[in-house]
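Take a look at the structure below.
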Amino acid sequence: MKSQKKFSHIELFAGCGGLSLGLEKAGFELKLANELSPMAAETFAYNFFNENFEQLAQENEKPKKTFWLSSQFDNLNERLRENPSKYTVSKIFSDIPKDKKKLENSLIIGNIIEFNHLIDKNEDLLLTLKSSFNNTEIDLISGGPPCQSFSMAGLREKNDDKNTLPWEFVKFVEKIQPKIVLLENVTGILRPFRDKDGTLYHAWFEVAKAFANKKYIPLCLHINARFAGVPQNRPRFIMLAIRHDIFNKLKASFMKGSAEDILFTPSFNFYTLVQKNVDEVIWGSLPYFDVSIEEHFNLFKNSFLKYLVNQKEVSVKSAIDDLKINNPSHPSIFVRNLNDKFRNILSARKEIYNHELRNNSQLVKCRFRIYQVLQQCDRRDITNAVFDILKGKEDRLPEDIWNVLKKFEYLQDDKQMKVFKHKIEFEEFLKLHPTKKQTQKALNKDSPAPAALSIPDDACHYDEKELRVLTVREMARIQSFPDNFVFRSKITTGGQMRKFEVPQYTQVGNAVPPLLSLALGKSVAELLRLLEK
């Protein structure tokens, strides 16, 4: 059987490689990747190029498939702990080779802003990238610009420096002129910022205008990874942008009234308005299609986007129950299929990596058991009443809530699981386990995990014999990473280091889930194959 042609692909904001992994499985060949963080890049290089930075540093050697755009250091060991935002110094080391073809199938570590400047100054590099290293066009440029400033979980700042990065993405696309662009971001980008004068600013709409102004037709989507078989309730914003000449060829194959026709008609109308006068294009002239709306879901299901909605929901238990320390189950069908799916892309591993347990004190374990009980009750009034005591706002529980909670066993100071016989005794127990957090919770074993999982403290295990936070491997399973994908660098970090370090837990949390990436890749590949016909 003749193998299908591979499509060329450049990855920006590559992170640890979740998007690249899924795209490779979907038939894309990575020509070049760019990532700012040396810590995330260490994981990327280990899995895709079999380059062990730690070992190379010990041997005083440098990687052959990974190049630093600039660094304060010539030593690999120092580079791995460098603050990547501080590259403007009097002496800068760079690995970029004179022969730009040596960059093919490699990773460049460095700032996208600096990378764009380098392309502006180097025509040879521009032509090499634009021709996909072999005199053909780049099929796809993809990436997820850092999203903390758009995220509803963090401090939303319209003028945050990171909010300029989608526009750097646009600049790169304008230079390289791929056939299709794939931009991924948090769902928070769909919620407007409010200026000081009260004016609403819609970031996703402005990004769509920027792409349309560069002759790309943008299709905007609000999707959820759980519909693609990821065991996590992870809503995401996706923009697919198609170069105008490519779109004109594709458009001819869309039957009038088909799902594709319905999806792309408002995008083309919006594009036409932008070509007339981008400054006069008003908010509301471009819709986004939301998978949570039944009518839109059906458009996904009946179009090239069908891969984003064609999988059954997967529970947390199916994803991680075999990783328990006490009485683990056999790997589920989900786990077996996940590991089989990516087996031929990644190196084989004989053991489970990244499954080291974090140390939790007895006090924290007692609190985790409280969270498990609240999860089982699944009542907002009960959760609020308990947290009012945990946070020191109240001293007593309402009688009706105590009547529910007294039926459960709790981990007590003697390390035994027991019920409380008296309400006042339970209230004193709660006061001895205070917390300032209300976001932390126990996982619900029968449902997909919540979206916010990027640091160890985000959630605790669902099993009463596993009173602990999740390991990196368990979080990776929830993100749909196969077991032979290994995470490198520090496991976690804290304090001021959080501003620039990207440890293993953060790498997992920031990644595009590989199964979602695979579904996105299949959708784009279907358009590209349609183009070939």
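Before moving on, here are some points about what is shown:
- For segment 402-410, backbone phi angles converted through the Karplus equation (6.51, -1.76, 1.60; θ = phi - 60°) give residue-by-residue couplings of 4, 4, 7, 5, 5, 7, 9, 8, 10 Hz, Gly and Pro being listed as x.
- Its alpha carbons considered, segment 316-502 gives a radius of gyration followed by a Dmax of 18.4, 59 Å.
- Normalised convex hull volume, segment 316-393, alpha-carbon set, Å³ per residue: 151 Å³
- For segment 392-440: rounded, prolate or oblate by the Cα gyration tensor [a/c cutoff 1.5]: oblate
- Just so you know, the Rg over Rh for the chain is 0.99, from Cα atoms, with Rh as the Kirkwood radius.
- Sum of side-chain charges, ARG343 neighbourhood, beta-carbon under 11 Å (Lys, Arg +1; Asp, Glu -1): +2
- Cα-centre dipole for the chain with unit charges at Cβ (Lys and Arg positive, Asp and Glu negative), debye to 20: 640 debye
- Bridgeable lysines around LYS437 (alpha carbons under 18 Å apart, same-chain partners fewer than 8 residues away excluded): LYS365, LYS391, LYS393.
- The angle separating the long axis of helix 514-532 from the principal Cα axis of greatest extent in the chain is about 20 degrees.
- The order of the peptides 198-205, 322-329, 75-82, 105-112 by mean Cβ neighbours within 10 Å, most packed first, is 105-112, 75-82, 198-205, 322-329.
- Inter-label distance for ARG396 and GLU409, nm, one decimal - labels placed 7 Å from Cα along Cα-to-Cβ: 3.1 nm
- Nearest-ten-degree value, helix 380-390 long axis tilted from longest Cα axis of the chain: 70 degrees
- Other-chain or far-sequence residues with amide H under 5 Å of VAL186's (modelled H): PHE237
- Our helix-only sum for the chain, with -39,500 (n - 2.57) per DSSP H run of n ≥ 4 divided by its residues, gives a mean residue ellipticity at 222 nm of -10500 deg cm²/dmol.
- The 3J(HN,Hα) values that the Karplus relation (6.51, -1.76, 1.60; θ = phi - 60°) gives for segment 207-212 are, in residue order, 5, 4, 4, 4, 5, 5 Hz. Gly and Pro appear as x.
- Placed amide H near THR66: partners under 5 Å, 5+ positions off or other chain: LEU107
- Radius 9 Å from Cβ of GLN504, net charge of other residues (Lys, Arg +1; Asp, Glu -1): +2
- Amide H partners (placed H, <5 Å) of ASP290, local residues excluded: HIS222
- Segment 316-502 - charge dipole about Cα centre, Lys and Arg +1 at Cβ, Asp and Glu -1, debye rounded to 20: 520 debye
- Cut-off 9 Å between beta-carbons: net charge of the residues surrounding PHE304, Lys and Arg +1, Asp and Glu -1: 0
- Using the empirical formula 2.2 N^0.38 Å as the baseline, the Cα radius of gyration of segment 402-533 reaches a ratio of 1.47.
- Pairs of Cα atoms farther than 11 Å apart, segment 326-367, %: 78 percent
- Straight-line cross-link partners of LYS350 among the lysines, defined as a Cα under 18 Å from its Cα and at least 8 positions apart when in the same chain: LYS341.
- Scalar couplings 3J(HN,Hα) for segment 476-485, obtained by applying the Karplus form with A = 6.51, B = -1.76, C = 1.60 to θ = phi - 60°, are 5, 4, 5, 7, 6, 7, x, 5, 8, 9 Hz; x denotes Gly and Pro.
Read-outs: derived from the displayed coordinates by stated rules, not from any lab. Quick caveat, the model's predicted, so the values are computed rather than measured. Reconstructed Cβ throughout: ideal geometry from the backbone, glycine too, with neighbour counts over all protein chains shown.
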